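J.: After the structure tokens below, expect a handful of questions from me.
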Amino acid sequence: MEKEWKIWERVPEETSRELKDFSPLARQMLFRRGITTQAEAGGFLKAEYGGLHSPFLFQDMAKASERVWRALENREKITVYADYDADAVTAAAVLLRCLRYLGAEAESYIPDRFTEGYGVNLQAIESIIGGGSKLIITVDCGTNSVDVAELCLRLGADLIITDHHEIIGGGASCFGAVNPKNPNDQYPYRELTGVGVAFKLAQALLGDEKAKSRESYVAGWEKWLLDLVAIGTVADCHALVGENRILVKYGLKVLEKSRWMGLKALCAAAGADFGRAAPDTYTLGFMLAPRLNAAGRLEHAGVALNLLLEDDAVSAQEKAAALNAINERRQNLTQSVLSEAREQALGYPDRPVLLLYKEGWPKGVVGLVAGRLAEETGKPVVVLEKGETDSTGSARTHGEFNLIEMLKPAAHLLSKFGGHSQAAGLTVPNQNLEAFYKVLISEAEKQELGESRPVVWLEAELGESDLSLESTDEIAKFEPFGIGNPRPKFLIPNLKVQSIKLVGSLGQHAQIRLRAGSKEVPGIAFNAFESIKKLKTGDVVDVAAELMREEWNGHRLKLKISDLKIK
């Protein structure tokens, strides 16, 4: 599908005067991110660690911290209950590392995706309490587990919920609930991920006077956990603004010198060479997170958690290699299901939302397939594995479409569902599939989701003088990039094609040399699209591209071309 190009509004004169200390390019990028004052710009660009909010601004944090310290002092057994995605696995690793550093007897429990399903389940809680745990701490789950909270109360165990998912109904009533989405809470930043909330509990525990009075106390030790926090934050696709931006910025610095043997082995297995290039959000989101997610998708997330908790170098390498192999299998399965789901989707070209399901589609990859199809079609997509009596899977959205608001009116047709505006999990009795789809279509129409071409948002139009390494340095000040702070693409018009060369094992990428006035600029187009295939030397083109600093072949500017129009 041909993409529509849109350029963001230019900086108003008043804002430009307010941001006069910044370059025109930086002003445009700041304005695009909703930043219009010197103070806001300074806070955003510096993103200092001291800008994190106190964890005790959560209304239940003080009593949650006090209860954990009571367990520590009384040598009580603590169980950390996690979900099975990368956000939850890193959250569990953060909390377990912290608790064990403080001397706790702490264990973990992660449900099996295939036999237990999403969320906290009653059978597991009964088993955990029966095994001697009187304190259970959830990470990245539990907010809506009302029955679990009641069971813990009845069996005499304390439940502390740390989560970030939307609260449906009244939520669970437990010993302590730490969730930035709680409407009764006054925590000033709502967009923390599951691992971000777990880190807040770790901050509270390590900031307690009881921790500071220990001989082994090291001020700022919690910063060693930030590499894990950064991975989970990027993996869960949350906006990299506010506290998330700070956590990821410092997490990337920590990752370069990580003290966790398992994480270092994972980086090596993924091919992340920090001697050649510093880690960035691509490293987190496309190299590390998929491998951590793969364990829970195909086998058990405990494989990933055990790697992150491994302190022996040889065992860490073995576990990282095993996780790598699982990820390769996940990639192959994803491509197979994606192909079949695309074929199904072709039968519903006019539907504003897609509901796709089939027997044998692995639960572990349907979320990935839904995400890919949502991006390709510009529609919300639900992909399910159809079982004997129920169909279970994931929903992903496109743009500003809110999945939870789409699913709520269909709650009576679902066995369970949960998630947030951009991603959700759900189970549908097979007898309700047709009625469920009718509700989805109705809700999609209410949200006024129309057919639309994929949009490429362009930061600004650049001229010949902007094509410089100085511009890449200005752009680098805005890192780390991600959702809410995307890596900027620019419109660069009237470039003359000097040469074209297909590269890659299948000739799937294209190297293009372009001329802008007196400057010749190299470009690369990955997974060359239709326009590239029609391109010939001498053509004049407009390109939508990122500006890159290429360092391995000498310092020079390079364009990463995401779209191109022949004039």
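No lab work stands behind these numbers, since they all come straight from the coordinates. All values reported here derive from a predicted model rather than from experimental measurement. All Cβ positions, glycine included, derive from the backbone under ideal geometry; neighbour counts span all protein chains shown.
J.: Between His509 and Val314, take the C-beta separation as r, use R0 = 45 Å, and let me know the FRET efficiency to the nearest 0.05.
T.: It comes out at approximately 0.75.
J.: Sorted by mean Cβ packing within 10 Å, highest first, what order do the peptides 268-276, 213-221 take?
T.: My ranking of the peptides, most packed first, is 268-276, 213-221.
J.: Using alpha carbons only, how many angstrom separate the centre of the range 232-253 from the centre of the range 274-292?
T.: 13
J.: Further question on the same structure: Can you tell me the relative contact order of the range 1-114? Whole percent, Cα pairs under 8 Å, sequence separation 6 or more.
T.: Computed value for the range 1-114: 18 percent relative contact order.
J.: To the nearest 0.05, how large is the calculated FRET efficiency for Ser421 and Ser518 if R₀ is 56 Å and r is the Cβ-Cβ distance?
T.: Approximately 0.70, to the nearest 0.05.
J.: With the crude spin-label approximation of a point 7 Å out along Cα→Cβ, what separation in nm comes out for Glu256 versus His412?
T.: It is 5.8 nm.
J.: Residue separation times 0.36 nm, minus the C-alpha to C-alpha distance between Tyr217 and Ala325: what's the value?
T.: 35.0 nm
J.: Tell me, how many Å apart are the Cα centres for the range 371-418 and for the range 139-157?
T.: After rounding, the separation between the Cα centres reads 26 Å.
J.: I want the local charge near Phe481. Using Cβ-Cβ distances under 13 Å, sum +1 for each Lys or Arg and -1 for each Asp or Glu among the other residues.
T.: Once all neighbours under 13 Å are counted, the net charge is +4.
J.: Whole percent per 20 Å bin, from 0 to the bin with the longest distance: what is P(r) over all C-alpha pairs of the chain?
T.: For the chain, the pair-distance distribution reads 19, 52, 26, 2.
J.: Provide the FRET efficiency to the nearest 0.05 for the Asp539-Glu340 pair, computing r from the beta carbons and using R0 = 51 Å. Show your work: numbers first, answer last.
T.: Values: r = 38 Å, r/R0 = 0.74.
E between Asp539 and Glu340, to the nearest 0.05, is 0.85.
J.: For labels at Arg75 and Leu45 in the simple 7 Å Cα→Cβ model, what's the distance in nm?
T.: 5.6
J.: Okay, moving on. Once each part is reduced to its C-alpha centroid, what is the distance from the range 163-201 to the range 22-82 in angstrom?
T.: 13
J.: Give, in nm to one decimal, the length gained when the segment between His555 and Leu155 is fully stretched (0.36 nm per residue of separation minus the Cα-Cα distance).
T.: Computed gain between His555 and Leu155 is 137.5 nm.
J.: For Glu388 and Glu376, compute 0.36 nm times the residue count separating them, minus their Cα-Cα distance, and round to one decimal in nm.
T.: On the way: separation 12, 0.36 × 12 = 4.32 nm, distance 3.00 nm.
Result: 1.3 nm gained on full extension.
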